[in-house]
Structures are given as structure tokens and as C-alpha cells.
Amino acid sequence: MENNILLDVQDLVTQFKLDDGILTAVDHVSFSIHRGETLGVVGESGCGKSVTAFSILNLVSPPGKIASGKIMFEGENLLEKSKHDMKKIRGERISMIFQEPMTSLNPVFTIGNQIDETLRVHKGLSRQDAREKTIELLKLVNIPLPEQRYREYPHQLSGGMRQRVMIAMALACDPQLLICDEPTTALDVTVQAQILQLINRLKRQLGMAVMLITHDLAVISEVADRILVMYAGRIVEESPEQALFEKPLHPYTEALLKSVPHVGKGTEKLYMIEGMVPNLLQKHEGCLFAPRCQYATDLCRQREPALLQAGDRKVRCHRYTQEWGNSE
Ligand code: SF4
């Protein structure tokens, strides 16, 4: 399995230098993604998920800065690449789609124009070949009447269709890794399910790896092979998907799972995790989740737990120290 690693993030630290101090948005984060695998990254907003994705693409802009760590992609450290090389990697080997496609699509160009452009710049295709490939891509992402949509502008499409166009554009250069940052948050539930099924089908069909970032555990329940749970810039749990849903280990994961609505339960009162994500500009002692944790003890408030590992699962919580031993 080790040789199958596509992306290996090692001890990544990304910080923002603000007027009131240094904010460590990603704090010694390590994880890997295997070829063809879908890794779900979950946590509330402000937990460092998107900053991790931007760090992988080397797109953190001032006042943000990657302070340390390595991002190994197919054995090469992306943090040592030149701007020019990174631009090529972003265009051809790693693609990213965002929550709101309108921010990434240019309103003054047709859909066809925008995908053609990507193909001509990165693949060197002729005008005619780019057009054919674009229509093929629109079919691949299940856009009805692709020849007609090719000539249309982004505002003429629904939110779900625009997200499909973004996916088509992201796939134009056959990336090995597709990073999806909250790809369905702006969509209604039915369209959300369709987009997730589409990402899942494309992953299998094209053999690419997917990093799916979301605040909503329900979104990744059917799609992810493995899940990382992030809290306050740190990984607090890592687990195969099924095991995490059957038996969440970290109290934060447990709380996130309780806040997932159940289909068919009528008007259900949704569980809310009380309290707020900590202000990372302030100094904290002990476990960062302690103020919101129903199991917190004096030890939790005094000493930060290490990330413990047992088999294919990891958890950062004192409740497992005795059973698992300290492995960080
Ligand atoms: Fe809760 Fe303590 Fe575990 Fe932190 S270490 S999650 S406070 S039980």
C-alpha cells in the first residue's frame, strides 16, 4: 500500500501573521492519500480544512505562509517547486473545485470557451480538438444537450449544472488528484446527492484520487474511503469510513455525527454542538476541545493529548491513552 501513496503531507504548519498575533491555522498536520482513494476531511468552518487544501496547491497568500512541513506528491516536495512548475501541476495533475462555481467561472465567456481554453493551454489542443473534447467532458458529467450548453454563458445554467461544468473543467487535464472544497454546500439536497454520485462515479471511472472537504459528515458517508476529522487546525481523528460511522472515537466526531439529520425521521430536532471553535490567536492549555467536551477531566484541561494510533485508526484524546499507549 505504501507505494500506492499519491500525496503525503508531512507535519504541515500554515500560519497567518495578523495584527494581534500569529494564527496557526494548520498545526503539524500529517496524512496521506492513496491513488484512487477518496479522503473525506471534516470539521466546522475555521478548523483548517480549506487552508490545508490551499497549502497543498501552494496557494496560501500573505499574510498566510506555510511555516514548515513537506507536501510530497508522487515523491516530489511541492513546497520546493517554482511558481511556474506549481502552475503546471495545478493545471495538469491536481485540480480543485469550490463551493460556489460562479466565483470560478468567468461570466463573460461561454462554457465552451472556458473549457476549451484550459485544454488549449495545458494540452496544446487545436481549436477543433478542444471543442470535441469539451463536448465529451460535458457528456461525461451528465450535462444534457452538451452542444447547446457549450454555447451558453454561466448565468444561463442552474447551480447544479454550473457545478457540473466546474467538474468538467477540473477534469479537462485528467488530474490524478481532485480536491473538492464544500462542492455541494450551495446546492439543494437532491442536487447535492447527484453531484456526490457524479464525483464517485468519475473517481471510479477515471481512477483518480479525491480529497473531499466538508463541514457535513452526511455528505461523505457514502463517498469517502477514509475520513480525517479536523478541529482547531489539528487532526483529532482518522479512520476508515465505516468504522468511524459505526464507532466514532473522538468526542468531537461523536458530536458531529449526532448533528447529522436522519432521512425519514420527520421533523427531528437537530443536535447542535455547544460552544465555539477556540480563538487560535489566544494561548490555550490542555485539549482544545475541552470547553465543549462532555467527558472533559482535569487532565484534559491541563495537558494537550497526543495523536494516538491503533491499527488503521488515530485519535487525539486522553480517554484512549491508557488503552492505546502514547504513540505520537
Ligand atoms: Fe474531551 Fe478530554 Fe478527549 Fe479532549 S482529551 S476530547 S476534553 S475527553
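The values are calculated or read from the model by the stated rules, or taken from the named source; none is laboratory data. What you see is a predicted model, and the numbers here were worked out from it, not measured in a lab. Cβ: placed from backbone, ideal geometry, glycine included. Neighbour counts: every protein chain shown. Protein only, heavy atoms only, side chains kept; ligands, DNA and RNA dropped before computing areas. Shrake-Rupley method; radii C 1.70, N 1.55, O 1.52, S 1.80 Å.
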| Subset of the stretch 134-150 (residues that are in a helix (DSSP H, G or I) and either in contact with a Lys or Arg (Cβ under 8 Å, 6 or more places away or on another chain) or of a type in the set (S, T, N, Q) (or both)) | T134, L138, P146, Q148, Y150
| From L270, L244, residue being away from the ligand (no atom under 12 Å from the Cβ), modelled with pLDDT under 90 and among the aliphatic types (A, V, I, L, M) | L270
| Of the residues that sit in the stretch 311-325 and are in a loop (DSSP other than H, G, I, E, B) and near the ligand (Cβ under 9 Å from one of its atoms), which one is farthest from S32 (Cα to Cα)? | C317
| task | Under 7 Å between Cβ atoms, at least 6 apart or on separate chains: pull out the pairs that start in the stretch 238-250 with a residue that is farther than 16 Å from L308 by Cα and end on any residue that is assigned to a loop (DSSP other than H, G, I, E, B). | result | E241/A224; E241/D225; F245/S221
| note | Over the stretch 31-48, the set of residues in contact with a Gly (Cβ under 8 Å, 6 or more places away or on another chain) and within 26 Å of H284 (Cβ to Cβ) is C47, G48
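Here is a yes/no grid of residues against (1) surrounded by 22 or more Cβ atoms within 10 Å (Cβ to Cβ); (2) part of a helix (DSSP H, G or I); (3) touching a residue at least 60 places away in the same chain (Cβ under 8 Å); (4) in contact with a Phe, Trp or Tyr (Cβ under 6 Å, 6 or more places away or on another chain):
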site	(1), (2), (3), (4)
L198	no, yes, no, no
M211	yes, no, yes, no
V229	yes, no, yes, no
V260	no, no, no, no
| Does K203 satisfy being surrounded by fewer than 20 Cβ atoms within 10 Å (Cβ to Cβ) and closer than 30 Å to R319 by Cβ? | no
| query | How many residues are of a type outside the set (D, E), open to solvent by 90 Å² or more (accessible area, probe 1.4 Å) and part of a loop (DSSP other than H, G, I, E, B) if we restrict to the stretch 275-310? | reply | 5
